[in-house]
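> Handing you this structure, nothing more for now.
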Amino acid sequence: MYKKILFSTCLTEYCEHIFNFALNLAKENDAKLLIYYGIGRINLDETQAEQAIIDAEDKVAQAYVQQMKEKEFENYAINVRDGDVVSELSKLARNAAVDLMVMGTSTDTPLAMGGSPNVGTLGSVTADAVLWAPCPVMIVPPSLIPGLARG
């Protein structure tokens, strides 16, 4: 059903669970997994900006590539961009003809917000991405995190 899945990460511990969900979904659908990390608007010269992007790509690779290798998954691409996170995320989804975006509810872990999986509103990036996305957006709730699920 899905041929291209875009996973948006903020590289927090919370994103590990969302990544595993997106990776399993990509494997089940034999889909390409695009991993996006936005570094935001940076006020650097061109050389420094390019280096910041390379450094961020390395961080993303360190966070996720080994897990993909362990699951024998090779159909992925890492995308790091500077600029407005939601605009760049939407642009990537549109230009790559993404079928589905997978995101978490917020950059904050539910435990950091008070220990309840009932965290309330979405984070600003997720809320804006839902409005600007050129494709469906799947939001992975905190209740799917092991240890936080109820009953």
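The values are calculated or read from the model by the stated rules, or taken from the named source; none is laboratory data. Keep in mind it's a predicted model, so treat the numbers as computed, not measured. For neighbour counting, all protein chains shown are included, and Cβ atoms are generated from backbone atoms with ideal geometry for every residue, glycine included.
> When you scan segment 30-40, do you find a residue that is surrounded by 15 or more Cβ atoms within 10 Å (Cβ to Cβ) and more than 19 Å from Leu92 (Cα to Cα), even just one?
No, segment 30-40 contains no residue that is surrounded by 15 or more Cβ atoms within 10 Å (Cβ to Cβ) and more than 19 Å from Leu92 (Cα to Cα).
> When you go through (1) modelled with pLDDT of 95 or more; (2) surrounded by fewer than 17 Cβ atoms within 10 Å (Cβ to Cβ); (3) of a type in the set (A, V, I, L, M, F, W, C) one by one for Ala56, which number turns out not to apply?
(2)
> Write out, first by first residue and then by second, each pair whose Cβ atoms fall under 9 Å of each other, whose residues are 6+ apart or on separate chains, and whose first residue, in segment 91-103, is part of a helix (DSSP H, G or I) while the second is modelled with pLDDT under 95 and not aromatic (Phe, Trp, Tyr).
Lys91/Arg81; Lys91/Gly83; Leu92/Arg81; Ala93/Ala129
> A follow-up question, please. How many residues are acidic (Asp, Glu) and in a strand (DSSP E or B) if we restrict to segment 72-90?
Number of matching residues: 1.
> Right, here's the next one. Against the condition touching a Leu at 6+ places or on another chain (Cβ under 7 Å), closer than 16 Å to Val140 by Cβ and buried (at least 19 other Cβ atoms within 10 Å of the Cβ), how does Ala22 come out, does it pass?
yes
> Taking into account only those residues within segment 106-132 that are modelled with pLDDT of 70 or more and out of contact with any helix residue (DSSP H, G or I) (no Cβ under 6 Å at 6 or more places or on another chain), which is surrounded by the most Cβ atoms within 10 Å (Cβ to Cβ)?
Among residues in segment 106-132 that are modelled with pLDDT of 70 or more and out of contact with any helix residue (DSSP H, G or I) (no Cβ under 6 Å at 6 or more places or on another chain), the one surrounded by the most Cβ atoms within 10 Å (Cβ to Cβ) is Thr126.
> Hey, another quick one. How about segment 60-79: which of its residues are surrounded by 15 or more Cβ atoms within 10 Å (Cβ to Cβ) and under 16 Å from Thr12 (Cβ atoms)?
Matches in segment 60-79: Val60, Ala63, Tyr64.
> Examine segment 32-44 for a residue that is farther than 21 Å from Pro142 by Cα, touching a strand residue (DSSP E or B) at 6+ places or on another chain (Cβ under 8 Å), free of Cβ contacts under 8 Å to residues at least 40 places away in the same chain and of a type outside the set (Asp, Glu), and state whether such a residue exists.
Within segment 32-44, not a single residue is farther than 21 Å from Pro142 by Cα, touching a strand residue (DSSP E or B) at 6+ places or on another chain (Cβ under 8 Å), free of Cβ contacts under 8 Å to residues at least 40 places away in the same chain and of a type outside the set (Asp, Glu).
> In segment 1-29, which residues are over 20 Å from Ser87 (Cβ atoms), out of contact with any Lys or Arg (no Cβ under 8 Å at 6 or more places or on another chain) and not in a helix (DSSP H, G or I)?
Across segment 1-29, the qualifying residues are Met1, Tyr2, Thr12.
> Does Leu33 satisfy the condition of being touching a Phe, Trp or Tyr at 6+ places or on another chain (Cβ under 9 Å) and either of a type outside the set (Asp, Glu) or more than 28 Å from Ala127 (Cβ to Cβ) (or both)?
yes
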